[in-house]
């Protein structure tokens, strides 16, 4: 079993220079290998085989950086071509593109060979870099083996190292109680509403920082360097970092909130039933709330919930998105087609039930999820 832990690092000025060189060399090798593959195919109808060692004579500065980082670039390019020619994923992956020096993500991956990557109480050791000061907020167990480390730099200038560990699957003796269950229905105003009537959160982090972000972007647009043909001034780059810092603050707020909510649910319940929704499509359907849909981060919330429940030997049941959860009265089972109108926020049934449409949907999702779970156990 593999698990990665991401640590914040504080490199020195010399280490920052080495990181920048490694980022640039990895991008350079990727573009050279891609160009040679394209030229080789045009001549011989074969992509040929390229390695980073082929370019070290022509570009001697490639010897200054970690060779394993360049080797991983070769594997990444091979994976990109494999994904492009794979029939099952051909529609999702286009032909590999050149990496831009301005817009590509600054990161590289190096492997652990005979202890070249290691952790101490206050630092991380990396090949060619040395010991980098880091905040080790979570220490691995003694039987965890370091496989690789991925160094990255965010747009706000902060550095991170994601360390990948390998360990044996833990023996989980906990048996989930199928009666301890909850249903979650997506709500654009509050992330979700569960079958007990509880609302997830009312925070809208992007909207809360919208005015501050707009002022920073307005100031950025007036500086020298905002036009394509202009040279980037030092004030422009400084203001750009401020804008990126606001974006990162919004993302961190959202991530922290989603982690807290998903951990609370995973600890409290053994079975969680949700709808299988395509959030990207919902944001682009023209409902007028696409910004709120993406600001919630519901898709990321479900991914967190899935792996946290799996680690605890619990269940996440996904109900089909076409299941009419909002149209069925959970009390008598009557169907209400008028509930297709999203403007109707309260269900009133002839049986005397009056309830919020979202809570009613969450209860129906819970019942359908338990039916699916019990059916799978009966079939087994």
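Right, residue 333: out of contact with any helix residue (DSSP H, G or I) (no Cβ under 9 Å at 6 or more places or on another chain) and on the phi > 0 side of the Ramachandran plot or not?
yes
Going through the stretch 31-48 one residue at a time, which ones are free of Cβ contacts under 8 Å to residues at least 24 places away in the same chain, in a loop (DSSP other than H, G, I, E, B) and in contact with a helix residue (DSSP H, G or I) (Cβ under 9 Å, 6 or more places away or on another chain)?
If the condition is that a residue be free of Cβ contacts under 8 Å to residues at least 24 places away in the same chain, in a loop (DSSP other than H, G, I, E, B) and in contact with a helix residue (DSSP H, G or I) (Cβ under 9 Å, 6 or more places away or on another chain), then 46, 48 are the ones that fit.
Check 2, 72 and return the single one that is within 27 Å of residue 144 (Cα to Cα) and surrounded by fewer than 17 Cβ atoms within 10 Å (Cβ to Cβ).
The conditions single out 2.
Could you run through the stretch 332-363 and say how many residues are free of Cβ contacts under 8 Å to residues at least 40 places away in the same chain and in a helix (DSSP H, G or I)?
The number of residues fulfilling the criteria is 6.
For the stretch 143-153, give me the residue count where each residue is within 16 Å of residue 24 (Cα to Cα) and either out of contact with any strand residue (DSSP E or B) (no Cβ under 7 Å at 6 or more places or on another chain) or surrounded by 18 or more Cβ atoms within 10 Å (Cβ to Cβ) (or both).
3
In the stretch 154-173, how many are more than 22 Å from residue 113 (Cβ to Cβ) and loosely packed, with under 15 Cβ neighbours inside 10 Å?
8
Any residue at all in the stretch 104-126 that's under 27 Å from residue 237 (Cβ atoms), part of a loop (DSSP other than H, G, I, E, B) and touching a helix residue (DSSP H, G or I) at 6+ places or on another chain (Cβ under 8 Å)?
The answer is yes; a qualifying residue exists.
Anything in the stretch 265-311 that is part of a loop (DSSP other than H, G, I, E, B) and at pLDDT 90 or above? List them, or say none.
Across the stretch 265-311, the qualifying residues are 269, 270.
Can you name the residue in the stretch 174-194 that is in a loop (DSSP other than H, G, I, E, B) and under 27 Å from the mean Cα position of the chain (by Cα) and is also surrounded by the most Cβ atoms within 10 Å (Cβ to Cβ) among such residues?
Ranking the qualifying residues of the stretch 174-194, first place goes to 188.
With 172, 146 as the choices, which residue is outside the structural domain of residue 369 (by TED's automatic domain parsing) and at pLDDT below 90?
172
Confirm whether residue 139 is in a loop (DSSP other than H, G, I, E, B), without any contact (Cβ under 8 Å) to a residue 40 or more places away in the chain, over 27 Å from residue 32 (Cα atoms) and under 25 Å from the mean Cα position of the chain (by Cα).
yes
Which condition number does residue 259 fail, the rest of (1) under 29 Å from residue 176 (Cβ atoms); (2) surrounded by fewer than 13 Cβ atoms within 10 Å (Cβ to Cβ); (3) out of contact with any strand residue (DSSP E or B) (no Cβ under 9 Å at 6 or more places or on another chain) being met?
Only one criterion is unmet by residue 259, namely (2).
Can you confirm whether residue 366 is within 16 Å of residue 191 (Cβ to Cβ) and either crowded, with 17+ Cβ neighbours inside 10 Å or in contact (Cβ under 8 Å) with a residue 40 or more places away in the chain (or both)?
No, not satisfied.
Could you please let me know if residue 275 is without any contact (Cβ under 8 Å) to a residue 60 or more places away in the chain and either in the same structural domain as residue 200 (by TED's automatic domain parsing) or touching a strand residue (DSSP E or B) at 6+ places or on another chain (Cβ under 8 Å) (or both)?
no
The values are calculated or read from the model by the stated rules, or taken from the named source; none is laboratory data. Model, not experiment: these values are computed from the prediction. Positions of Cβ are generated from backbone atoms using ideal geometry, with glycine treated the same way; all protein chains shown enter the neighbour counts.
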